[in-house]
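Participant: One structure, as structure tokens, below. Some questions next.
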Amino acid sequence: MGDNLRDIPEFIEREMGESLQARLDALGTFKELGAPDLCHIIKVNVKPAIKETSSYHYVSGIDASSSASLAAYLNSLTYAIDESHAWFSKGAQWRIRSGVYCCYNAFSRVDVRVEVKIPGGVESYAINVRGERQEATAAIWQETYMSAMLRSILYSDDANYRIPGFRKLDPIPDVSAQKRFFEAAEQLFFKGSLLGSNPEIQLPTIVNNHLTAAIMKYCQESFRFDLAVQFFERLFRLEPEVASLLAQSYIGTDEELKAINVLYDALKQMPQSYALLHVQADFLRGKGKLEMALRLAKQAVNLAPSEFITWAKLTEVYIDLGDYESALLTLNSCPMFTFSERDLQRMPKAAKAHLPIRSDIDLSLIDDETGREHEADPALLRLPAPSLRGTFSSAYNLLTRLVSKIGWDELLRCRSLVFVMEEEYRMQKEAEETMRKGSQAKVMAHHGEIEVPNRDQLLSPNGTPIPIIKISTESEREREQEEAEEEARAKAVEAALEKAKEESAADDNADPSMEDIKLDDLSIHSDKDQDAEKEQDEVEADAEAETETETETEAEDKKTEEEKSDEVIVDQAAIKSKQIEKPSIAAASSSDDEDNNNEEEEVELSFSFSNKRLCDRWLDNLFMVLYEDLRQYTIWRAEVQHFRAVNAPYRKSGTDWEIYGDLATRLHHREEAKDAYQRCAEQKFSAKALLRLLEIYSDEGNLHRAMEVAIKLCVYQERWYHETI
């Protein structure tokens, strides 16, 4: 049609100007870099009877350093109007009457707009979240330019920033644009913390923010670390913490000695910077000096305990060292943050979408059919791991590294060693509750707080006895019997302990190592004694027999010192096996001071799990996510082996193979992921699968296959208006 733009996507509005109003309403929701630039145009026909239309599209990579550059882009759209030809004459002619370009300033939190009237003038202004107009000063234009550049660089390949009909241009097309970018970045460098940071960082700093991330990303992807060195050297004179970025740039240029010297000088000035310690730790990990890297990672955690990245770095070092139990404990200590979605604005439903295809694009290379999810196995589509974001995604990656190192069974064993399992926790709680009830009953009985009057003492006001109706006495007798047995057992154990200590002190040939044994030490460390563990099962089997045995032992006069020591250990093993008797014994031994020691009793009730931690809910959920991934992976590999054994083809849909490739990638099975992505690419066009294959082929040095994949990806990018180099 003649009213559409040629080779440029656009969405036709139902009501004129509704996209601009939607953007104004969304300004207050932008938290970081903001939404992509919005270009809104109004088109009119030369015939007055034809109604004018309005449309909009998203764009990035435009030079937003002045109103003139934005007005030039709007003016360029006038040459992109599609002309429809009729028989022997031209069709209805359309032209752009006016346009508005909106660019969000992430520093000042305003939306800078340029209105162009054709023919006519150009007007520029800034709008705040309240809809009030402000003057667009030179400082605001510089901030607006940098905001647009950061969005173009950081979100160019971000999966969370995908918008249909998003036109992406090259933000730095030449050397002059590159020079202008670094000059603006240097002037706004110390405002970078206002922009926010990656989801894994809670508090943005001078060296951890979107501005520094964009600079490092551009230098890494263009292999121009020399630009980063020149840029950060100037800033290092003003801020010592910039040494962390400068050292990374030196390492990128293979100047490791300079990097170490810079870190050394900076740490003398700022020993409290965890960013400097992290760069040093990564360098030492690369050199195999893991013990030194561990000390630095621990120091970084002490300096920034509320940051996820410090705990994650310590977990990585523990995994490298092979200390998997400490790695699990450290991972459990990571502070987790809620993931904030990218700043995007909600648009009203468009009346029509125009997504043209350029005439020079060979569509035979890209059979792009994205709506094939219905072909996939529902069990694969329901896997929860792909939906993880932010710190949870990073923590899951560490967990998959662990399972790739030691396997699922060993991971579960480590988990049971460092975390309290549900069954253990339930038994402990039941034991503590039983212990509290028994302790309260004994205390009240000891102090005489329970006085049950005789039947004859219960008289009414007129002197006649009050009749007592007994509903049931079975529960009372059972409770009294249990309390009596418990008290007798406690007294027997206490007497045995006292007698053992007295006889041990009287005997000159006694083992001196047993003289200072305390009840707490025995209860905690008796699990290391093999004899105590054997006797423990016998005590649990028959509690009444244990009480009789202890009473007989108490009556004997002559025993050797070795038998006395064994007797004490057996009694303590019985206490630990029940997990409720040790606190009762401790309370009975100091019953005279019980009223003053209630708090100590409460603390000692939880003694048995002093060497374990409670697993956080989010980590428990990640274990279940990992289980689902491993289950589907195991089923897949078993099916592959079975079909190979019977010499039959193993067929899956292209979407299934793509999901299997992502699954193998998450679980760090590189060869299986490569095979799945190749099978996916054979059955359908998948940009994700081709991008993964490009990385794999590049790492393997397979240049021929890498170039084939790169050509297809370039065509795909051009098809969807990604005009970047």
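The values are calculated or read from the model by the stated rules, or taken from the named source; none is laboratory data. What you are looking at is a predicted structure, and each value in this text was computed from that prediction instead of being measured. Note: ideal-geometry Cβ built from the backbone for every residue, glycine included; neighbour counts use all protein chains shown. The accessibility values were calculated without ligands, DNA or RNA, using every heavy atom of the protein model including side chains. Shrake-Rupley method; radii C 1.70, N 1.55, O 1.52, S 1.80 Å.
Participant: Taking LEU619 as the residue in question, decide whether it is of a type in the set (A, V, I, L, M, F, W, C), modelled with pLDDT under 95 and part of a helix (DSSP H, G or I).
Facilitator: Yes.
Table: residues versus (1) under 45 Å from the mean Cα position of the chain (by Cα); (2) surrounded by 13 or more Cβ atoms within 10 Å (Cβ to Cβ); (3) among the aromatic types (Phe, Trp, Tyr); (4) at pLDDT below 55.
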site	(1), (2), (3), (4)
SER393	yes, yes, no, no
VAL403	yes, yes, no, no
LEU411	yes, yes, no, no
VAL443	no, yes, no, no
SER475	no, no, no, yes
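Participant: Pairs needed: first member in the range 117-130, open to solvent by 70 Å² or more (accessible area, probe 1.4 Å); second member anywhere, assigned to a strand (DSSP E or B); C-beta distance under 6 Å; at least 6 residues apart or different chains.
Facilitator: Note: pairs meeting the criteria are LYS117/SER98; VAL122/VAL116; GLU123/GLU115.
Participant: Mind telling me which of the residues ILE140, ILE172, ILE201, ILE153 ends up being touching a helix residue (DSSP H, G or I) at 6+ places or on another chain (Cβ under 7 Å) and either open to solvent by 40 Å² or more (accessible area, probe 1.4 Å) or assigned to a helix (DSSP H, G or I) (or both)?
Facilitator: ILE153
Participant: Considering the range 362-389 alone, what residues qualify as being modelled with pLDDT under 90 and either surrounded by 14 or more Cβ atoms within 10 Å (Cβ to Cβ) or charged (D, E, K, R) (or both)?
Facilitator: Those that are modelled with pLDDT under 90 and either surrounded by 14 or more Cβ atoms within 10 Å (Cβ to Cβ) or charged (D, E, K, R) (or both): ASP362, LEU365, ILE366, ASP367, ASP368, GLU369, ARG372, GLU373, GLU375, ALA376, ASP377.
Participant: Separate question: Restricting attention to helices (runs of 4 or more DSSP H) lying wholly within the range 288-335, give those where 1 or more residues are within 13 Å of the chain's Cα centre (by Cα) and among the β-branched types (Val, Ile, Thr).
Facilitator: The qualifying helices (runs of 4 or more DSSP H) are 308-321.
Participant: Regarding ALA706, is this residue among the small types (Gly, Ala, Ser) and open to solvent by less than 70 Å² (accessible area, probe 1.4 Å)? Talk me through it step by step, then tell me what you get.
Facilitator: Numbers: among the small types (Gly, Ala, Ser): yes; open to solvent by less than 70 Å² (accessible area, probe 1.4 Å): yes.
Here the answer is yes, as ALA706 does meet what is asked.
Participant: Among (1) in contact with a Leu (Cβ under 7 Å, 6 or more places away or on another chain); (2) touching a residue at least 24 places away in the same chain (Cβ under 8 Å); (3) surrounded by fewer than 17 Cβ atoms within 10 Å (Cβ to Cβ), which single condition is ALA312 missing?
Facilitator: (3)
Participant: What are the residue pairs meeting all of these: first residue in the range 22-45, first residue among the aromatic types (Phe, Trp, Tyr), second residue in a loop (DSSP other than H, G, I, E, B), Cβ atoms under 8 Å, and 6 or more apart or on different chains?
Facilitator: PHE30/ALA106; PHE30/ARG109; PHE30/ASP343
Participant: Across the range 156-168, which residue is nearest to GLY61 (Cα to Cα) among those that are of a type outside the set (S, T, N, Q) and open to solvent by 30 Å² or more (accessible area, probe 1.4 Å)?
Facilitator: Across the range 156-168, the extreme among qualifying residues is ARG167.
Participant: Can I ask one more? I'm trying to understand the selection: among the residues of the range 418-436, which are in contact with a helix residue (DSSP H, G or I) (Cβ under 9 Å, 6 or more places away or on another chain) and surrounded by fewer than 14 Cβ atoms within 10 Å (Cβ to Cβ)?
Facilitator: Across the range 418-436, the qualifying residue is only MET421.
Participant: Which condition from (1) surrounded by fewer than 20 Cβ atoms within 10 Å (Cβ to Cβ); (2) over 29 Å from ASP409 (Cβ atoms); (3) free of Cβ contacts under 8 Å to residues at least 40 places away in the same chain is the one that LEU296 breaks?
Facilitator: Against the list (1) surrounded by fewer than 20 Cβ atoms within 10 Å (Cβ to Cβ); (2) over 29 Å from ASP409 (Cβ atoms); (3) free of Cβ contacts under 8 Å to residues at least 40 places away in the same chain, LEU296 comes up short only on (1).
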